[in-house]
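*Asks:* Submitted below is the structure of interest, expressed as structure tokens.
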Amino acid sequence: MFTLDLFGDLPRSIGERRQLGPGAWLLEGFALARAKALVEAVQAIEAQSPPRHLVTPGGFTMSVAMTNCGRLGWNSDLKGYRYGPLDPLSGQPWPPMPEVFVKLAHDAAEAAGYAAFDPDACLINSYAPGARLSLHQDKDEQDLAAPIVSVSLGLPAVFLFGGAHRSDPVERYSLQHGDVVVWGGEDRLRFHGVAPVKAGEHPLTGGRRLNLTFRKVNR
Ligand code: MD6
Ligand code: FE
């Protein structure tokens, strides 16, 4: 264990594993050594399938901009939420999942006790200052036995971690560049969200926060 103070934040432990719930872990700094390769891969994906502000079925435009890679991508419009093989903007398949993504998702899941995680979808969220994600459950996946692996890059954010019901109390965790959250099992359907991202500058991502969430959609 050692600490770093790169971003003027409190001294921060790397390699610490914090248990957030019976099936949920925060792996501090787990992706740090691969962060540069991950951000470069995101930039290549975005050149093919640019981040876009999706509309919810309720008619709201999301403040987070989204794109995807992998066999399936998540999409939202007035008709609903769904996963599909094609980027609706280009009509082409989503860009393939880079090897550095596949390996990181597998390794992080394993470190949290989930063996043989083999995601078929990676949602890439891009947060400009002020962007947020309201409380939601991830339940559009067919395979709820597999965990979700979530990687934070660039600007920090406060992660809101609720319970099984929308009205349950919410815990707040600071997510820093390189942190990975893995959750599954009993925690798989907990409500969660992201508080509005504060403005800042990060050497790898500039003025934004990136989040990769890896999912296994199809069994
Ligand atoms: C984010 N993450 O951190 C949004 N969902 O930008 C999620 O919505 C999320 O981090 C399911 C599992 C892990 C997550
Ligand atoms: Fe989510």
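*Asks:* Springs between alpha-carbon pairs under 10 angstrom, Gaussian network model over the chain: which of 208, 82, 188 fluctuates most?
*Replies:* 82
*Asks:* Another one. Using protein chains only and a probe of 1.4 angstrom, how many square angstrom of residue 149 are accessible, to the nearest 10?
*Replies:* My reading of the accessible area for residue 149 is about 0 Å².
*Asks:* How far is it, in nm, from the label point at residue 166 to the one at residue 111 when both lie 7 Å from their Cα along the line to the Cβ?
*Replies:* About 3.5 nm, to one decimal.
*Asks:* Give the shape of segment 143-219 as rounded, prolate or oblate, defined through the alpha-carbon gyration tensor: a ≥ b ≥ c are the square roots of its eigenvalues, a/c under 1.5 means rounded, and otherwise the shape is prolate if a/b is larger than b/c and oblate if not. The partial results should precede the final answer.
*Replies:* Working: a/c = 2.95, a/b = 1.47, b/c = 2.01.
Cα axes put segment 143-219 in the oblate bin.
*Asks:* Roll a 1.4 Å probe over the protein chains and send me the accessible area per residue for the chain in Å².
*Replies:* 47
*Asks:* Roughly how many percent of the accessible protein surface of the chain is carbon and sulfur, given a 1.4 Å probe and a whole-percent answer?
*Replies:* Numbers: 5810 of 10200 Å².
The C+S portion of the solvent-accessible surface of the chain is 57 percent.
*Asks:* Continuing with this model, one more query. Could you name the lysines whose alpha carbon sits less than 22 Å from that of residue 139, not counting residues in the same chain fewer than 8 places away?
*Replies:* Output for residue 139: 79, 216.
*Asks:* Before anything else, pin down the relative contact order of segment 62-165: Cα pairs under 8 Å, at least 6 apart, normalised by residue count, whole percent.
*Replies:* After rounding, I find 32 percent.
*Asks:* Also: Compute a Gaussian network model of the chain, connecting alpha carbons closer than 10 Å, and tell me which residue from 148, 45, 14 fluctuates the most.
*Replies:* Judging by the Gaussian network model, the answer is 14.
*Asks:* How much length, in nm to one decimal, is gained on full extension between residue 99 and residue 16, taken as 0.36 nm per residue of separation minus their Cα-Cα distance?
*Replies:* 27.4 nm
*Asks:* Between 44, 105, 65, where does the largest GNM mean-square fluctuation fall for the chain, given springs only between Cα atoms within less than 10 Å?
*Replies:* Looking only at 44, 105, 65, the biggest GNM fluctuation is shown by 44.
*Asks:* With a cut-off of 8 Å between alpha carbons and a minimum separation of six or more residues, what is the relative contact order of the chain in percent?
*Replies:* Over the chain, the number comes to 23 percent.
*Asks:* Mind checking the full-extension length gain between residue 142 and residue 47? Use 0.36 nm per residue of separation minus the Cα-Cα distance, one decimal, nm.
*Replies:* Roughly 31.3 nm would be gained on extension.
*Asks:* Something else now. Calculate for the chain the 222 nm mean residue ellipticity that helices alone would give, adding -39,500 (n - 2.57) per DSSP H run of length 4 or more and normalising by residue count, nearest 500 deg cm²/dmol. Present the calculation step by step, with values, prior to reporting the outcome.
*Replies:* Working: 2 runs with 27 residues, N = 219.
Taking each H run of at least 4 residues, the total per residue is -4000 deg cm²/dmol.
*Asks:* I would also like to ask the following. Under the Karplus relation 6.51 cos²θ - 1.76 cosθ + 1.60, θ = phi - 60°, what is the ordered set of whole-Hz ³J(HN,Hα) values for segment 22-38, x standing for Gly and Pro?
*Replies:* Each residue's phi maps through the Karplus curve to give x, x, 10, 9, 9, 9, 5, x, 4, 9, 4, 5, 10, 4, 5, 4, 5 Hz.
*Asks:* For the chain, just say rounded, prolate or oblate: build the C-alpha gyration tensor, square-root its eigenvalues into a ≥ b ≥ c, call rounded for a/c under 1.5, and beyond that prolate if a/b exceeds b/c, oblate if not.
*Replies:* Since a/c stays below 1.5, the shape of the chain is classed as rounded.
The values are calculated or read from the model by the stated rules, or taken from the named source; none is laboratory data. Quick caveat, the model's predicted, so the values are computed rather than measured. Reconstructed Cβ throughout: ideal geometry from the backbone, glycine too, with neighbour counts over all protein chains shown. Areas reflect the complete protein model, heavy atoms only, side chains present, ligands, DNA and RNA absent. Shrake-Rupley method; radii C 1.70, N 1.55, O 1.52, S 1.80 Å.
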